[in-house]
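Structure record follows, encoded as structure tokens.
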Amino acid sequence: MRVMRTLMLWLLPVILLCSFCSVAFWIFLSNNNVIPQPSSRIPQKSSETKSCKGCSKDNVLIAKALENYSHKWKRHEANFKKFRSLLSSKCHAVSKAVVTQNNTPLGSNVIYDGERRKPLQVTQALFNILAKEQPFGNATWESCAVVGNGGILANSSCGEEINSAQFVIRCNLPPLDNRYEKDVGNKTNLVTANPSILHEKYSGLMERRRPFVESLRPYGQALLLLPAFSYGHNTPVSLRAFYTLEDFGSNNLLPIFLNPEYLRRLSKFWRERGLNSVRPSTGLIMASLALEICSNVHLYGFWPFNKHPNDSRPITNHYYDDRESKKNVHSMPTEFEHLLKLHKQGVIRIHLGECQPTHS
């Protein structure tokens with residue numbers, strides 16, 4: 001009994017001291033606003049950190065791009081001729097960019113460039129609708145404008161400048177109505193049409209086809225370039241586009257088919273220069289084509305970021321909507337970096353921001 005009493009006398013001060021320390025600790029936490037927060041808030045903090053990291057990465061890419069961009073651009077004739085000669089020797093756009101009866105004779109095989117599948121044999125029916133000759137011939141246009149669909153074109157006032165080019169190339173059937181004419185112009189000599197657009201906007205031409213024909217009127221008498229032989233599923237819808245124009249008696253647009261052999265050569269050309277995307281974007285393909293057939297190449301709407309280069313204000317993905325591109329297929333910032341090198345070397349001119357009024 002005496003032992004228990006002695007033990008309690010020793011433990012009591014210890015218990016009191018521990019209680020006092022615990023109370024003091026919690027008072028300290030309260031006064032310094034570091035009371036542990038509910039676990040449900042932790043993911044929000046993590047998400048914010050991730051978002052900021054993404055913003056930082058974009059800012060780094062934009063800063064790097066602007067370092068290589070010069071508003072005071074000067075053409076370098078020697079660099080242009082050297083690059084054009086190299087590109088032509090590897091890709092031969094003048095003779096191979098489009099499938100023709102000359103480069104794809106009856107009974108030959110068309111090998112898809114985007115997938116491995118059984119080659120498509122050129123039947124009499126297919127041969128009959130191929131272009132009889134290359135639409136570009138041996139002619140060289142003095143000035144060409146390749147118009148991408150980037151949101152940087154919105155409120156750019158570049159329409160007049162684009163229209164002043166001798167040959168204008170547009171990508172993926174962009175809208176050209178009165179809402180956009182001031183910024184993107186309306187002159188068109190060649191326009192591309194990805195089959196994905198034909199499926200999304202016109203039900204793959206399996207239903208009513210008149211809306212498709214009427215939507216092509218703004219392009220006037222232009223070449224309609226279809227990648228019919230990139231993938232097997234592209235062929236039927238591209239052929240339906242050709243027959244639709246023929247059935248409706250549309251004499252304005254001339255449908256032609258992009259040559260998969262040319263695309264293979266072009267992909268290899270850019271891979272050898274460090275571009276490792278699955279395949280070049282339509283914009284890069286058209287810029288490359290222009291470099292072979294034009295003496296002066298100007299690019300509009302190619303800025304791949306969602307912040308304007310002049311004041312960092314947010315901009316949409318396209319000048320007409322905010323739909324994202326397929327990042328798993330194309331690498332737009334990397335492609336833009338390669339084009340910027342050509343801009344810096346005086347080979348092509350990339351236009352960013354607003355255009356100055358031209359006076360005839």
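No value in this document is a laboratory result; all are computed from the given coordinates. This is a predicted model, so every value here is computed, not measured. Neighbour counts are summed over all protein chains in view; Cβ atoms, including those assigned to glycine, are modelled from backbone coordinates with ideal geometry.
Assorted remarks:
- Per residue, the convex hull spanned by the Cα atoms of the range 239-302 measures out at 138 cubic angstrom.
- Calculated log₁₀ intensity ratio I(q)/I(0) where the Debye formula runs over C-alpha points of the range 262-360, q = 0.12, 0.24 Å⁻¹: -0.44, -1.48
- Ordered by the number of other Cβ atoms lying within 10 Å of each residue's own Cβ, fewest first, R271, R208, R349 fall into the sequence R208, R271, R349.
- Dividing the radius of gyration of the alpha carbons in the range 126-222 by their Kirkwood radius gives 1.00 for Rg/Rh.
- Evaluated over the Cα positions of the range 201-319, the convex hull gives a direction-averaged projected area, one quarter of its surface, of 10.0 nm².
- Its Cα gyration tensor gives the range 109-178 an equivalent ellipsoid. The semi-axes, each the square root of 5 times an eigenvalue, are 34, 18, 11 Å from largest down.
- Compactness of the range 82-146 was expressed as the Cα radius of gyration divided by 2.2 N^0.38 Å, which yields 1.35.
- Taking other C-beta atoms within 10 Å as the exposure proxy, R264, R210 rank R210, R264 from fewest upward.
- Working from label points 7 Å from Cα in the Cα-to-Cβ sense, the A63 to F242 distance is 5.2 nm.
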